[in-house]
Amino acid sequence: MSHTVRKTARLKRIEEMVERGILPEAAFERAHQLIISRRQLAVWFDNGLLALSVGLMLAGIVFFFAYNWADIHRFGKLGVIGALMLGGVGAAWAYEGKHPVRSMLGLLWASMMVGVFLAVFGQIYQTGADAWQLFAAWAGLISLWTLVSRSELHWGFWLLLIHVAAALCWNQLLGPGYDVPMEYVSITLAFANIALMVAHHFWTQRTKGQGFTSPRGLRALVAAATALTVFPVGFHIMSFGEEGLGQMVFGNPYANSFLVVVAYGVSVAAAVFVGWKRARDVGVLAFVGLGAITVGFVFMVRVFEGLDDVAFFPLSIYTLVSFATLTTTLYKLHRKETAASGEVTDG
């Protein structure tokens, strides 16, 4: 018996159980989504190979220029990269409406070539630009393509460039030149992720799904915002009372840590509101919970830092209890949500 026949038989049994009232009506649609056909597997396999080929081609171009750098004329270098960039744009245009994945990968390829073009141009003419300026210009030049693609992968690449540019800007300019603490750059980036998450959610609600309907993008933004706020909170727990922005602005060293904790609270509240209250995504709560466990762990390290080896016992108990509580809570919430939506669940 073929795979397709077995799939049809399973769906028929579920359909019979729905007709007899054993399962809710939504169970058949959910089963149809979960049971993967050969055609779906072929499409996923094809897209995966296409993405792998794009990555291998990009790696080949980088190694080609690295090996033959001295033997290629500067116009040849820029011309080849420009042609590859235009080829990506042409592929995106050619596959528009016919094959969305290929169209997206074409724009993503062109976006990557923009960065290669800027790097090669800077090497040839020695512009003297800092590394953060390269990444900032790269992100700015591909912003329109990122908006047009409506791809979570493309948006993720664009956000990665923004984060790298901000980190390098602090390392090369803001930190050495203006004594800006790294934690404030981290919090600013976290708020940027939260703002994008909120804006995208309400845009999707307003346009009835014309956006990133997959929960992966939402979870990625929450994960990034959580990591970017947990880092400064943990840092201030370990260095509580030291001078910083709070000392300079309010004349109180403890105000510095207070500002960081408030920023973390705002980030968590926004993530829970959008990710759970609005989107009902348990995955968002998982990232928020992991962030809270991390903050609690750092706090306990600070509390028991003078106990040496004795501190391992309460830290171990805390870790086991907190992860067990988080896992149990998330499982119950997931069961409750799936039961409310009429989906088929195990056990």
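The distance linking segment 156-183 with segment 88-155 is 21 Å (Cα centroid to Cα centroid, whole angstrom). Each principal axis of the Cα cloud of segment 250-312 was taken in turn, and the coordinate range along them, longest first, works out to 44, 37, 9 Å. When each of the peptides 224-236, 115-127 is scored by how many other beta carbons lie within 10 Å of its residues on average, the order from highest to lowest is 224-236, 115-127. Its alpha carbons give segment 73-112 an Rg and a Dmax of 11.4, 39 Å. The amide H of Leu23, built 1.01 Å from its N in the peptide plane, has Val18 as neighbours under 5 Å, considering only residues 5 or more places off or on other chains. Converting phi to 3J(HN,Hα) with the Karplus coefficients 6.51, -1.76 and 1.60 and the offset θ = phi - 60°, segment 164-173 yields 5, 4, 5, 5, 5, 5, 5, 5, 9, 10 Hz in sequence order, with x at every glycine or proline.
Could you tell me what % of all Cα pairs in segment 79-199 have separations over 20 Å? Summing the P(r) of segment 79-199 above 20 Å gives 50 percent of all pairs.
Since every read-out is calculated from the coordinates, none of them should be taken as a lab result. Quantities reported herein were computed from a predicted structural model and do not represent experimental measurements. Cβ coordinates were reconstructed from backbone atoms using ideal geometry, including for glycine residues, and neighbour counts include every protein chain displayed.
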